[in-house]
Amino acid sequence: MAKQKYYVVWEGHTPGIYSSWEAAKRQVDGYAQAKYKSFESRAEAEKAFKGNYWAFVKKDAAAAAPQGRIPRSAIIKESLSVDAACSGNPGDMEYRGVYTADGRELFRVGPLPDGTNNIGEFLAIVHGLATLKQQGHPAMPIYSDSKTAQGWVRKGKCNTKLEATGRNDRIFELIDRAEQWLAGNKITNPVLKWETESWGEIPADFGRK
């Protein structure tokens with residue numbers, strides 16, 4: 001006798017937990033970009049349903065990776081990748097966001113004088129979050145290769161020590177706007193770490209290393 005499984009449908013015709021594949025299949029058939037996964041127990045399924053689909057995708061990929069390396073097949077193609085570049089520290093700073101699947105550029109800002117790379121990475125993530133929300137993609141993941149910027153986003157504050165020079169007023173305006181956006185909006189898009197050691201440079205990289 002087959003062991004009972006439970007199926008979580010995060011995105012489908014009717015999201016929920018289903019005790020048979022037949023019932024779950026009805027919720028995902030014909031639904032573009034459906035998100036679902038099976039679990040061994042009801043408790044696991046309930047915990048997963050309260051969480052985020054992308055977190056389980058990343059966890060499964062990490063567990064299957066040999067010697068801690070994550071295969072490129074684990075990259076979520078339906079996502080946005082962001083990156084920044086800065087000529088000097090401080091220096092001319094710019095950032096952009098591209099679709100991971102095909103490299104199409106969604107936005108680009110700069111160069112702006114007297115900035116830093118960390119600020120650019122922070123602004124790129126928030127710009128991506130705001131743009132995806134505006135476009136109706138509240139669950140699309142965003143990849144960033146900057147742990148520092150991801151930490152600033154989680155805290156809702158750009159923790160920079162950059163000094164105002166008069167030439168970088170525009171950068172500080174963007175920082176204020178980004179912090180205000182984070183204070184007034186709930187983050188629903190998963191912000192994921194781009195695994196550079198396993199996958200190479202992030203698709204949004206400016207190619208100047």
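For ALA164, state whether it is at pLDDT 95 or above and touching a Phe, Trp or Tyr at 6+ places or on another chain (Cβ under 9 Å). For ALA164, the condition - at pLDDT 95 or above and touching a Phe, Trp or Tyr at 6+ places or on another chain (Cβ under 9 Å) - is not met. The residue that is farthest from LEU162 (Cα to Cα), among those in the stretch 85-117 that are open to solvent by 50 Å² or more (accessible area, probe 1.4 Å) and assigned to a strand (DSSP E or B), is GLU105. Count of the stretch 65-78 residues, restricted to those that are open to solvent by 80 Å² or more (accessible area, probe 1.4 Å) and either modelled with pLDDT under 85 or part of a helix (DSSP H, G or I) (or both), is 5. Looking across PHE206, PHE172, one residue alone is open to solvent by 50 Å² or more (accessible area, probe 1.4 Å), over 18 Å from ALA74 (Cα atoms) and among the aromatic types (Phe, Trp, Tyr). It is PHE172.
Quick check on the stretch 37-45. Is at least one of its residues at pLDDT below 65, open to solvent by less than 80 Å² (accessible area, probe 1.4 Å) and among the charged types (D, E, K, R)? The answer is no; no qualifying residue exists.
Conditions (1) out of contact with any Asp or Glu (no Cβ under 9 Å at 6 or more places or on another chain); (2) not β-branched (Val, Ile, Thr), marked per residue:
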residue: ARG96; (1), (2): no, yes
residue: LEU112; (1), (2): no, yes
residue: ILE119; (1), (2): yes, no
residue: GLU179; (1), (2): yes, yes
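Examine the stretch 131-143 for a residue that is within 15 Å of TRP199 (Cα to Cα) and either modelled with pLDDT of 85 or more or surrounded by fewer than 22 Cβ atoms within 10 Å (Cβ to Cβ) (or both), and state whether such a residue exists. Yes, there is a match, as at least one residue in the stretch 131-143 is within 15 Å of TRP199 (Cα to Cα) and either modelled with pLDDT of 85 or more or surrounded by fewer than 22 Cβ atoms within 10 Å (Cβ to Cβ) (or both).
When the stretch 118-167 is limited to residues that are among the charged types (D, E, K, R) and assigned to a helix (DSSP H, G or I), the one that is nearest to ASP205 (Cα to Cα) turns out to be GLU121.
Checked against the criterion of being exposed (fewer than 12 other Cβ atoms within 10 Å of the Cβ) and on the phi < 0 side of the Ramachandran plot, the stretch 194-202 has at least one qualifying residue.
The values are calculated or read from the model by the stated rules, or taken from the named source; none is laboratory data. All of these numbers come straight from a predicted model, not from anything done at the bench. Backbone-built Cβ (ideal geometry, glycine too); neighbour counts: all protein chains shown. Protein only, heavy atoms only, side chains kept; ligands, DNA and RNA dropped before computing areas. Shrake-Rupley method; radii C 1.70, N 1.55, O 1.52, S 1.80 Å.
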